[in-house]
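Novice: My questions will all concern the structure given below.
The values are calculated or read from the model by the stated rules, or taken from the named source; none is laboratory data. Quick caveat, the model's predicted, so the values are computed rather than measured. Please note: Cβ atoms are built from the backbone with ideal geometry, for glycine as well, and neighbour counts cover all protein chains shown.
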Amino acid sequence: MGKKIEGKLIAEAFKNEIRELVTCNKSKAYRVPKLAIIMVGSDGGSSFYVRNAKKLAENLGLSCEVFHFQDDTSEESVIDTIEDLNIKEDVDGIMLQLPLPDDFNEKYVISKIDCEKDIDGLTYKNIGKFYSGEKCFIPCTPKGIMELIKSTGVDIKGKNAVVVGRSNIVGKPIAQLLLDQNATVTICHSKTEDLKKICSKADILVAAVGKPDFIDENFIKSGAIVIDVGTTMVDGKLRGDVVFNEAIEKAEFVTPVPGGVGAVTTTMLLKNTCEAFEKNVR
């Protein structure tokens with residue numbers, strides 16, 4: 001029987017760091033860090049994430065303002081808001097909740113975010129810095145995943161890591177972060193042949209497919225670390241990509257859904273906001 005990686009416990013340590021930073025800056029008569037969130041439309045998953053982000057930010061002492069646009073909002077209106085936030089000295093981080101409506105040029109809208117306030121690492125400049133090994137904002141979900149893996153105490157160096165999923169938000173950046181820690185990394189996707197065989201050789205398996213219960217025990221190597229990034233609503237319940245009950249019997253460490261990756265992602269967003277704040281107040 002493997003061990004559950006408790007994302008909530010790991011997140012709590014970072015929350016305490018954030019609380020201490022806010023308290024320290026208040027004692028120096030500084031303002032508190034401020035996050036601005038832009039959301040377009042009424043997607044249920046996005047609304048849930050934004051509400052939680054705002055609630056957590058305020059609970060930790062940060063300021064958080066949400067700019068919620070309706071589905072029929074023009075792209076120009078959203079860009080105008082971004083450009084206004086770019087020049088506001090009291091705004092440290094800007095998060096653009098994705099996806100945007102189909103008629104938006106998503107990459108163009110993202111490009112309008114000031115890279116110094118791009119706390120989710122979405123702009124071309126931050127992406128370039130990230131993949132060239134320069135200091136920058138690390139995308140929040142991959143950053144959280146690395147903290148979950150490190151919490152196991154297993155040395156990543158030399159391990160065979162397999163990432164199932166090649167999205168720009170999770171799959172590609174987590175592969176790069178694992179590579180930076182000297183793992184041998186394979187990225188798999190919908191066209192990969194012998195997927196089950198490849199996954200079954202992984203010391204570290206990151207599932208970011210978006211298909212509930214796709215990864216069963218036959219994909220998992222005995223003693224592996226399994227990170228489940230999937231979040232799909234099925235009959236009113238949140239389900240991951242991994243069949244947890246099967247994985248926990250075979251792997252050494254497994255993240256649950258909920259309570260795993262999602263529990264640390266929002267905290268990483270606020271940690272990045274605080275890092276942006278510290279640059280601004282220097």
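Novice: Within the range 171-208, which residues are under 24 Å from the mean Cα position of the chain (by Cα), over 17 Å from Ile225 (Cα atoms) and part of a loop (DSSP other than H, G, I, E, B)?
Specialist: The answer is His189, Ser190.
Novice: Given the condition small (Gly, Ala, Ser), at pLDDT below 95 and surrounded by 22 or more Cβ atoms within 10 Å (Cβ to Cβ), answer yes or no: does some residue in the range 170-192 qualify?
Specialist: Scanning the range 170-192 turns up no residue that is small (Gly, Ala, Ser), at pLDDT below 95 and surrounded by 22 or more Cβ atoms within 10 Å (Cβ to Cβ).
Novice: Inspect all residues belonging to the range 125-147 and state whether any of them is part of a helix (DSSP H, G or I), touching a Leu at 6+ places or on another chain (Cβ under 9 Å), more than 25 Å from Ser190 (Cβ to Cβ) and among the basic types (Lys, Arg).
Specialist: Checking the range 125-147: at least one residue is part of a helix (DSSP H, G or I), touching a Leu at 6+ places or on another chain (Cβ under 9 Å), more than 25 Å from Ser190 (Cβ to Cβ) and among the basic types (Lys, Arg).
Novice: State yes or no: is Gly210 surrounded by fewer than 16 Cβ atoms within 10 Å (Cβ to Cβ) and in contact with a strand residue (DSSP E or B) (Cβ under 8 Å, 6 or more places away or on another chain)?
Specialist: The answer is yes for Gly210.
Novice: Look at the range 51-106 and say how many of its residues are closer than 30 Å to Thr23 by Cβ, of a type in the set (A, V, I, L, M, F, W, C) and not in a helix (DSSP H, G or I).
Specialist: Number of matching residues: 9.
Novice: May I pose another question? Would you check if there is a residue in the range 247-260 being buried (at least 19 other Cβ atoms within 10 Å of the Cβ), assigned by TED's automatic domain parsing to the domain that holds Gly153, among the charged types (D, E, K, R) and within 30 Å of Ala57 (Cα to Cα)?
Specialist: No, the range 247-260 contains no residue that is buried (at least 19 other Cβ atoms within 10 Å of the Cβ), assigned by TED's automatic domain parsing to the domain that holds Gly153, among the charged types (D, E, K, R) and within 30 Å of Ala57 (Cα to Cα).
Novice: Under 6 Å by Cβ, and 6 or more places apart or on different chains, what pairs join a residue from the range 256-278 that is at positive phi with one that is part of a helix (DSSP H, G or I) and buried (at least 24 other Cβ atoms within 10 Å of the Cβ)?
Specialist: Gly259/Gly7
Yes/no matrix, rows are residues, columns are (1) over 22 Å from Leu270 (Cα atoms); (2) surrounded by 19 or more Cβ atoms within 10 Å (Cβ to Cβ); (3) not assigned by TED's automatic domain parsing to the domain that holds Asn168:
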| position | (1), (2), (3) |
| --- | --- |
| Thr73 | yes, no, yes |
| Glu76 | yes, no, yes |
| Asp80 | yes, no, yes |
| Asn86 | no, no, yes |
| Met95 | no, yes, yes |
| Leu100 | no, yes, yes |
| Thr123 | no, yes, yes |
| Ser132 | yes, no, yes |
